[in-house]
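J.: Pasting in a structure now, in structure tokens, and then I'll have a few things to ask.
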Amino acid sequence: MGSKARPPAPRDAIVEQARLHATLAALSAIHYRGVSVSEWSGDRVDGSYYYDPLSGDRFCLRWNADRVVLAVFDHESDRSQYDLDDDAHTPLAHLGTDEPAMVALADGAAGELERLVTAWMWADRRAVSLSDPIELERFAPAHGLDLVVGFLVTPERAVFGPLFQSWSELFSLTRAQCSIALRTATAAGPIAIGSEESTALLVGKRAVTLVAAREAAAKLAALGITWEIPVAAIRTAVTGANAADEQRIAEALAPVDRALLEAARAGDVGAAKAALASGADRSCVTVEGQWKHTPAGDGAIVTALKAEQHECALALLEAGCAIEPANTFGQTALYWAIERGASEVADRLLAAGAPVVIASDTPLLHLAARAGDAAMAEKLITAGADTAATNRAGRTAAEWAAFAGHHALAQRLR
């Protein structure tokens with residue numbers, strides 16, 4: 001009788017999960033370019049992996065033949081946002097692979113890593129240790145620990161759940177695409193994606209671009225996975241998708257309304273006034289995908305503010321353009337005025353009665369707190385903002401101010 005296969009050692013299991021996560025990130029980049037950053041270097045024996053979803057939390061791992069060190073970070077402050085042009089962004093240099101470095105990480109994490117570390121884990125061939133023990137069945141998505149859970153369960157459970165957020169949900173991939181990731185990530189040695197699988201990789205809401213496909217192929221190649229990009233099929237799909245998008249937008253927006261939104265985005269006050277004089281709807285809103293990353297529901301004022309056309313936003317406000325439409329993320333004109341630091345526009349919106357309680361995952365007071373704008377915070381509180389309100393991650397405005405280093409404001413908001 002053959003001997004029963006031994007389960008992978010903790011170190012090897014976690015590295016295998018890192019490879020799976022990196023593969024999923026690469027496949028996701030085919031459809032969602034620029035919404036996350038993932039970096040894989042080395043191999044299964046000695047290497048590192050860094051992942052940043054650009055939404056508040058990030059993690060990095062480093063391993064050698066004996067050990068893995070994993071750290072999860074909270075970076076909801078402007079100073080710690082990932083900078084694609086800065087080679088110093090990845091804190092892997094702080095993550096040692098010997099015992100003293102792990103002790104230093106645990107005891108002195110706040111000072112060593114911008115005071116942003118919220119959890120850390122290490123593994124060797126004997127055991128797995130987590131600084132904050134968690135119950136997987138009753139897991140709460142606090143302090144970025146949801147990024148850790150997937151490394152402590154089986155690959156299939158990490159991808160498909162049940163978890164707070166499975167990796168298939170995290171990367172917005174189909175079951176077929178996730179199955180491809182599971183097959184290729186766990187294979188030993190170089191492996192190629194077949195033609196049928198390649199077709200499945202292109203399935204999504206929007207046509208895949210060649211730029212996105214090439215970036216994804218490069219990420220896969222770093223993992224030893226070869227993807228022969230179907231160039232002709234992608235070009236055909238993009239041409240058809242562009243024509244369909246243009247027709248969809250034209251059917252949803254009258255030409256004069258579209259002209260108003262275009263003028264707002266360009267900051268062209270004269271063109272905006274001309275569109276209004278020609279009968280443009282002061283409450284018209286964008287169509288999803290009208291421009292890159294544009295949601296449905298952005299009004300003319302929001303469109304101007306997003307483009308940092310503050311003078312145009314003021315002119316649109318004076319012309320009577322609607323102040324309350326919220327886009328699909330619950331964001332209003334006041335939200336974007338605060339987000340863009342357009343204090344004069346924000347003051348005018350507040351004077352015009354813009355609501356300070358909105359449906360966004362990020363309350364308005366949190367935006368002022370993160371920016372350290374004490375004057376705006378006071379105005380929002382006076383207008384009815386709740387200092388006890390929390391964002392989607394369960395944090396208060398005071399916590400956001402503290403994370404960003406605005407300690408006097410944090411004290412005021414407590």
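The values are calculated or read from the model by the stated rules, or taken from the named source; none is laboratory data. This is a predicted model, so every value here is computed, not measured. Positions of Cβ are backbone-derived with ideal geometry, glycine not excepted, and every protein chain shown enters the neighbour counts.
J.: Quick check on this structure: which one of V69, V103 is modelled with pLDDT under 75, assigned by TED's automatic domain parsing to the domain that holds T184, of a type outside the set (S, T, Y) and in a strand (DSSP E or B)?
T.: Working: V103 fails: in a strand (DSSP E or B).
Result: V69 is the single residue among V69, V103 that is modelled with pLDDT under 75, assigned by TED's automatic domain parsing to the domain that holds T184, of a type outside the set (S, T, Y) and in a strand (DSSP E or B).
J.: Can you tell me which of G42, G34 is touching a Phe, Trp or Tyr at 6+ places or on another chain (Cβ under 9 Å) and modelled with pLDDT of 65 or more? Even if it seems obvious, please write down each step before you answer.
T.: Details: G34 fails: touching a Phe, Trp or Tyr at 6+ places or on another chain (Cβ under 9 Å).
Step by step, each of G42, G34 is checked, and only G42 is touching a Phe, Trp or Tyr at 6+ places or on another chain (Cβ under 9 Å) and modelled with pLDDT of 65 or more.
J.: Could you look through region 201-221, keep only residues that are aliphatic (A, V, I, L, M) and surrounded by fewer than 16 Cβ atoms within 10 Å (Cβ to Cβ), and pick out the one that is nearest to T184 (Cα to Cα)? Steps first, answer last, please.
T.: Of all residues in region 201-221, those aliphatic (A, V, I, L, M) come to 201-203, 207-208, 210-213, 216-218, 220-221.
Right, trim to surrounded by fewer than 16 Cβ atoms within 10 Å (Cβ to Cβ) and you get 203, 210-211, 218, 221.
Values: V203: 18, L210: 22, V211: 22, A218: 15, A221: 12 Å.
Only one residue fits best here, namely A221.
J.: Next question, about the same structure. Please enumerate the residues belonging to region 186-211 that are aliphatic (A, V, I, L, M) and within 23 Å of the chain's Cα centre (by Cα). If you could, list the steps in order and put the result at the bottom.
T.: First pass over region 186-211, keeping only residues aliphatic (A, V, I, L, M): 187-188, 191-193, 200-203, 207-208, 210-211.
Passing the criteria: L201, L202, V203, A207, V208, L210, V211.
J.: Looking only at region 363-414, filter to residues that are assigned to a loop (DSSP other than H, G, I, E, B) and among the acidic types (D, E); which one of those is farthest from Q331 (Cα to Cα)? Let's see the steps before the verdict.
T.: Our first condition is that a residue be assigned to a loop (DSSP other than H, G, I, E, B); within region 363-414, this holds for 363, 372-373, 383-389, 391-395, 404-406, 414.
Now drop any that are not among the acidic types (D, E), which leaves 373, 386.
Details: D373: 19, D386: 17 Å.
Out of the qualifying residues, it is D373.
The rows are residues; the columns are (1) touching a residue at least 60 places away in the same chain (Cβ under 8 Å); (2) within 26 Å of A263 (Cβ to Cβ); (3) surrounded by fewer than 20 Cβ atoms within 10 Å (Cβ to Cβ).
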residue: I301; (1), (2), (3): no, yes, no
residue: K306; (1), (2), (3): no, yes, no
residue: Y335; (1), (2), (3): no, yes, no
residue: T362; (1), (2), (3): no, no, no
residue: L365; (1), (2), (3): no, no, no
residue: I381; (1), (2), (3): no, no, yes
residue: D386; (1), (2), (3): no, no, yes
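J.: Also, I was wondering about something else. Conditions first: (1) touching a helix residue (DSSP H, G or I) at 6+ places or on another chain (Cβ under 7 Å); (2) over 18 Å from E344 (Cα atoms); (3) of a type outside the set (A, V, I, L, M, F, W, C). G372 passes all but one, so which condition is the exception?
T.: (2)
J.: Every residue in region 15-62 that is touching a Pro at 6+ places or on another chain (Cβ under 6 Å) and within 20 Å of T226 (Cβ to Cβ), please. Write out each step before concluding.
T.: Keep residues of region 15-62 that are touching a Pro at 6+ places or on another chain (Cβ under 6 Å), which gives 20, 36.
Result: L20, single match.
J.: Do the conditions hold for A218, that is, is it within 30 Å of S179 (Cβ to Cβ), part of a helix (DSSP H, G or I), assigned by TED's automatic domain parsing to the domain that holds T184 and of a type outside the set (D, E)? First the steps, then the outcome.
T.: Numbers: within 30 Å of S179 (Cβ to Cβ): yes; part of a helix (DSSP H, G or I): yes; assigned by TED's automatic domain parsing to the domain that holds T184: yes; of a type outside the set (D, E): yes.
For A218, the condition - within 30 Å of S179 (Cβ to Cβ), part of a helix (DSSP H, G or I), assigned by TED's automatic domain parsing to the domain that holds T184 and of a type outside the set (D, E) - is met.
J.: What is the one condition in (1) at pLDDT 95 or above; (2) among the aliphatic types (A, V, I, L, M); (3) surrounded by fewer than 20 Cβ atoms within 10 Å (Cβ to Cβ) that V285 does not satisfy?
T.: (3)
J.: For region 225-243, give me each residue that is over 27 Å from the mean Cα position of the chain (by Cα) and assigned to a helix (DSSP H, G or I).
T.: Keep residues of region 225-243 that are over 27 Å from the mean Cα position of the chain (by Cα), which gives 228, 230-233, 235-236, 239-240, 243.
If the condition is that a residue be over 27 Å from the mean Cα position of the chain (by Cα) and assigned to a helix (DSSP H, G or I), then V231, A232, A233, R235, T236, T239, G240, A243 are the ones that fit.
J.: Another question, then. Taking the conditions exactly as written (touching a residue at least 12 places away in the same chain (Cβ under 8 Å) and under 30 Å from C312 (Cα atoms)), does A254 satisfy them or not? Before the answer, list the steps.
T.: Details: touching a residue at least 12 places away in the same chain (Cβ under 8 Å): yes; under 30 Å from C312 (Cα atoms): yes.
Yes, satisfied.
J.: Please verify whether A271 is assigned to a helix (DSSP H, G or I) and either in the same structural domain as L201 (by TED's automatic domain parsing) or within 26 Å of the chain's Cα centre (by Cα) (or both), treating the condition exactly as stated. Write out each step before concluding.
T.: Details: assigned to a helix (DSSP H, G or I): yes; either in the same structural domain as L201 (by TED's automatic domain parsing) or within 26 Å of the chain's Cα centre (by Cα) (or both): no.
So A271 does not fit the description; no.
J.: I'd like the full set of residues that are more than 24 Å from Q411 (Cα to Cα), surrounded by 18 or more Cβ atoms within 10 Å (Cβ to Cβ) and of a type in the set (G, A, S), limited to region 343-359.
T.: A354
J.: Determine if region 8-17 includes at least one residue that is under 26 Å from A187 (Cα atoms), modelled with pLDDT under 75, of a type outside the set (V, I, T) and assigned to a loop (DSSP other than H, G, I, E, B).
T.: Keep residues of region 8-17 that are under 26 Å from A187 (Cα atoms), which gives 8-17.
Filter once more, keeping what is modelled with pLDDT under 75: 8-10.
Filter once more, keeping what is of a type outside the set (V, I, T): 8-10.
From what's left, assigned to a loop (DSSP other than H, G, I, E, B): 8-9.
Yes - at least one qualifying residue is present in region 8-17.
J.: Which count do you get for residues in region 168-195 that are acidic (D, E) and either touching a helix residue (DSSP H, G or I) at 6+ places or on another chain (Cβ under 8 Å) or in a loop (DSSP other than H, G, I, E, B) (or both)? Outline the logic, then answer.
T.: First, the residues of region 168-195 that are acidic (D, E): 169.
With either touching a helix residue (DSSP H, G or I) at 6+ places or on another chain (Cβ under 8 Å) or in a loop (DSSP other than H, G, I, E, B) (or both) added as a condition, the list becomes none.
Here the count works out to 0.
J.: To continue, here is another question. Can you tell me how many residues in region 244-268 are outside any helix (DSSP H, G or I) and surrounded by fewer than 16 Cβ atoms within 10 Å (Cβ to Cβ)?
T.: Step one: filter region 244-268 for residues outside any helix (DSSP H, G or I), giving 253-254, 267-268.
The next check asks that each one be surrounded by fewer than 16 Cβ atoms within 10 Å (Cβ to Cβ); those that pass are 254.
Looking only at that region, the number is 1.
J.: On the given criteria, is E288 in contact with a Pro (Cβ under 7 Å, 6 or more places away or on another chain) and either closer than 30 Å to R214 by Cα or small (G, A, S) (or both)? First the steps, then the outcome.
T.: Numbers: in contact with a Pro (Cβ under 7 Å, 6 or more places away or on another chain): yes; either closer than 30 Å to R214 by Cα or small (G, A, S) (or both): yes.
So E288 fits the description; yes.
J.: Got at least one residue in region 337-346 being farther than 28 Å from V287 by Cβ, of a type in the set (G, A, S), outside any loop (DSSP other than H, G, I, E, B) and in contact (Cβ under 8 Å) with a residue 12 or more places away in the chain? Step through it out loud before you land on a result.
T.: In the first step, residues of region 337-346 are kept if they are farther than 28 Å from V287 by Cβ; the result is 343-344.
Add one more test, that the residue is of a type in the set (G, A, S), and what stays is 343.
Remaining after also requiring outside any loop (DSSP other than H, G, I, E, B): 343.
Checking which are in contact (Cβ under 8 Å) with a residue 12 or more places away in the chain leaves us with 343.
Checked region 337-346: at least one residue is farther than 28 Å from V287 by Cβ, of a type in the set (G, A, S), outside any loop (DSSP other than H, G, I, E, B) and in contact (Cβ under 8 Å) with a residue 12 or more places away in the chain.
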